[in-house]
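Below is one structure, written out as structure tokens; comments come after it.
The values are calculated or read from the model by the stated rules, or taken from the named source; none is laboratory data. Everything numeric in this text was worked out from a predicted model, so none of it was measured. Cβ placement follows ideal geometry from the backbone for every residue including glycine, while neighbour counts extend to all protein chains displayed.
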Amino acid sequence: MRNDAVAEASAARVFDYLDPALPAGLRHVAMHVVDAASDTLQGYGELVDDPHGRAIEIVRWPAQGWRPVDADTGDQGGTVEGVFVSEWRGDILFGRNDAVGGEYILAYATDPTIADATHRREPERILLWHANYHPDGGQLFFPLDAAPFVVPLALPGDDVRPESFVCFRFDGSKGLYLHPNVWHEGVFGVSGMQRFFDKQGADHARVSVDFAREFGCLLEAPL
């Protein structure tokens with residue numbers, strides 16, 4: 001069960017993804033890091049060899065009462081696709097999703113209050129402040145630049161906690177398909193800029209968790 005503080009922090013709001021204004025003094029919660037494989041990804045999604053060979057699951061619109069939505073309706077919103085860009089600028093990892101017109105600060109390599117976007121040192125870790133899931137459909141990411149990347153994920157459920165997340169490592173030879181309702185926050189290149197083909201449900205419903213304000217922490221994984 002959520003306590004009142006978590007319930008208040010997680011109330012629906014508009015996030016400023018390019019200026020999250022995170023509080024100081026956040027503790028770090030280490031994520032378990034595993035290599036992405038067919039068995040380790042069970043429940044989360046699948047490894048993808050062909051970005052055009054995996055259909056995107058679209059979730060039928062939920063019924064409002066006891067009468068069901070007609071079986072041939074409610075899942076016809078279709079998909080959108082575009083390029084997802086992951087780019088480290090100093091200590092800050094920026095993301096851009098052209099499929100839905102989104103721009104974000106995905107993560108940091110150091111305490112956000114002292115993060116410097118001007119240097120060229122390689123990041124040694126990710127510090128994640130936010131994650132989300134899409135109840136309307138699945139999402140596919142496929143690397144257009146063959147380089148390693150990582151993806152923090154958690155299984156479905158609104159009572160998710162920082163300890164629920166696992167950081168999956170990919171070698172860059174395959175992509176990732178995520179089932180609907182799986183917690184994620186894009187794809188994270190380990191250095192520089194990396195591009196991914198992205199395809200997802202067109203409704204783009206998003207449910208968020210704000211680790212910094214709900215749990216007073218950031219999620220950490222080494223790069």
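Restricting the search to the stretch 84-116, which residues are over 25 Å from A221 (Cα atoms) and not acidic (D, E)? Let's see the steps before the verdict.
Going residue by residue through the stretch 84-116, those that are over 25 Å from A221 (Cα atoms) are 98-101.
Passing the criteria: A99, V100, G101.
Just checking, does the stretch 113-125 include any residue being touching a residue at least 40 places away in the same chain (Cβ under 8 Å), part of a loop (DSSP other than H, G, I, E, B) and closer than 24 Å to W61 by Cβ?
At the first step, the residues of the stretch 113-125 found to be touching a residue at least 40 places away in the same chain (Cβ under 8 Å) are 113, 122-125.
The next check asks that each one be part of a loop (DSSP other than H, G, I, E, B); those that pass are 122-124.
After this cut, where a residue has to be closer than 24 Å to W61 by Cβ as well, the list is none.
Within the stretch 113-125, not a single residue is touching a residue at least 40 places away in the same chain (Cβ under 8 Å), part of a loop (DSSP other than H, G, I, E, B) and closer than 24 Å to W61 by Cβ.
Out of all the residues in the stretch 38-56, which are of a type outside the set (F, W, Y) and touching a Leu at 6+ places or on another chain (Cβ under 7 Å)? Break it down stepwise before answering.
First pass over the stretch 38-56, keeping only residues of a type outside the set (F, W, Y): 38-43, 45-56.
Hits for the stretch 38-56 are S38, L41, G43, G45, L47, V48, P51, R54, I56.
Return the pairs, sorted by first residue and then second, in which the second residue is assigned to a loop (DSSP other than H, G, I, E, B) and charged (D, E, K, R), the first residue lies in the stretch 170-183 and is within 17 Å of V34 (Cα to Cα) and free of Cβ contacts under 8 Å to residues at least 40 places away in the same chain, the beta carbons are less than 9 Å apart, and the residues are 6+ apart or on different chains.
Pairs found: G172/D145; S173/D49.
Within the stretch 68-84, identify whether any single residue is outside any loop (DSSP other than H, G, I, E, B), at pLDDT 95 or above and either aromatic (F, W, Y) or under 18 Å from I126 (Cβ atoms) (or both), and answer yes or no.
yes
I105 - would you say it is surrounded by 18 or more Cβ atoms within 10 Å (Cβ to Cβ), in contact (Cβ under 8 Å) with a residue 12 or more places away in the chain and not in a strand (DSSP E or B)? Before you say what the answer is, go through the steps one by one.
On the way: surrounded by 18 or more Cβ atoms within 10 Å (Cβ to Cβ): yes; in contact (Cβ under 8 Å) with a residue 12 or more places away in the chain: yes; not in a strand (DSSP E or B): no.
Here the answer is no, as I105 does not meet what is asked.
Return the residues of the stretch 115-165 that are surrounded by fewer than 21 Cβ atoms within 10 Å (Cβ to Cβ) and polar (S, T, N, Q); say none if nothing qualifies.
T118, N132, S164
Here is a check on your reading of the model: is P156 without any contact (Cβ under 8 Å) to a residue 40 or more places away in the chain and either under 22 Å from Y17 (Cβ atoms) or out of contact with any Lys or Arg (no Cβ under 6 Å at 6 or more places or on another chain) (or both)?
Numbers: without any contact (Cβ under 8 Å) to a residue 40 or more places away in the chain: yes; either under 22 Å from Y17 (Cβ atoms) or out of contact with any Lys or Arg (no Cβ under 6 Å at 6 or more places or on another chain) (or both): yes.
Criteria met by P156.
Scanning the stretch 171-223 for residues that are more than 21 Å from G78 (Cβ to Cβ) and of a type in the set (S, T, N, Q), which turns out surrounded by the fewest Cβ atoms within 10 Å (Cβ to Cβ)?
S173
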